[in-house]
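Participant: Following this message is one structure expressed as structure tokens.
What follows is calculated from the coordinates using simple rules that are stated; it is not laboratory data. Keep in mind that what you see is a predicted model, and the values were worked out from it rather than measured. Ideal geometry is used to build each Cβ from the backbone, glycine not excepted, and the neighbour counts take in all protein chains shown.
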């Protein structure tokens, strides 16, 4: 396959969690194309597993969809933070639980056509008691235990369609629920 060549990347807008660019690309036949690119600062996620095997999910409103979603806990990586520490922080902030260690499960790129967002996903096996959530002032999150089988039913019914959550649940089921 012949290579594409980026000639220019122009910042169009700077946001809180992402930047919007217009790229100028020379395609293999010499034509010039203009493509949108979203530069994302990075994120991490975690599957919190309770001692009985239920998975803690977070229910929250998502503005882009104008509805509530059920997702695994996740969030953006802060400056100077690594993905593992981000996932640990998000687990505690969103669910009130903390753990000593997590296992890496998979990494997903959410929208490869126009965005570089990559989300490493970890598994946390909960052993302790739940503490309090530490939500941002604009976050309203309910924590709900779910059975893996019920989450898979929602996935295959098209009712649970957050990409990181779908990939995480199916990978977790394949690796840990045999």
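Participant: In degrees from 0 to 90, rounded to the nearest 10, what is the angle of the helix 83-95 Cα long axis to the longest principal axis of the chain?
Facilitator: With rounding to tens, the tilt is 50 degrees.
Participant: Treat the count of other C-beta atoms within 10 Å as a stand-in for reagent exposure and order 81, 2 from fewest to most.
Facilitator: In increasing order of surrounding Cβ atoms, one gets 2, 81.
Participant: When 1, 57 are ordered from fewest to most other Cβ atoms inside 10 Å of their Cβ, what list results? Let's see the in-between values first.
Facilitator: Numbers: 1 4, 57 24.
Arranged by neighbour count, lowest to highest, 1, 57 become 1, 57.
Participant: Taking the Cα atoms only, what angle lies between the long axis of helix 163-176 and the longest principal axis of the chain, rounded to 10 degrees?
Facilitator: It is inclined by approximately 50 degrees.
Participant: Something else: Can you give me the distance in nm between label points at residue 12 and residue 147, each placed 7 Å from the Cα along the Cα-to-Cβ direction?
Facilitator: Calculated label separation equals 4.7 nm.
Participant: Sticking with this one: Between residue 3 and residue 27, with labels modelled 7 Å along Cα→Cβ, what's the label distance in nm to one decimal, could you check?
Facilitator: 1.9 nm
Participant: How far, in nm, would the chain grow between residue 161 and residue 173 when pulled straight, counting 0.36 nm per residue and subtracting the alpha carbon separation?
Facilitator: Numbers: separation 12, 0.36 × 12 = 4.32 nm, distance 1.63 nm.
Contour length minus Cα-Cα distance gives 2.7 nm.
Participant: In the set (i) 30; (ii) 7; (iii) 24, which value of percent of Cα pairs over 31 Å apart was calculated from the structure you see?
Facilitator: It is the value labelled (iii).
Participant: Arrange 92, 165 by Cβ neighbour counts within 10 Å, fewest through most, would you? Walk me through the numbers on the way to the answer.
Facilitator: Details: 92 18, 165 26.
Ascending Cβ contact count within 10 Å gives the list 92, 165.
Participant: If you restrict to DSSP beta bridges whose two residues both lie in the chain, what percentage is antiparallel, to the nearest 5?
Facilitator: Values: 38 of 44 bridges.
So the antiparallel bridges amount to about 85 percent of the total.
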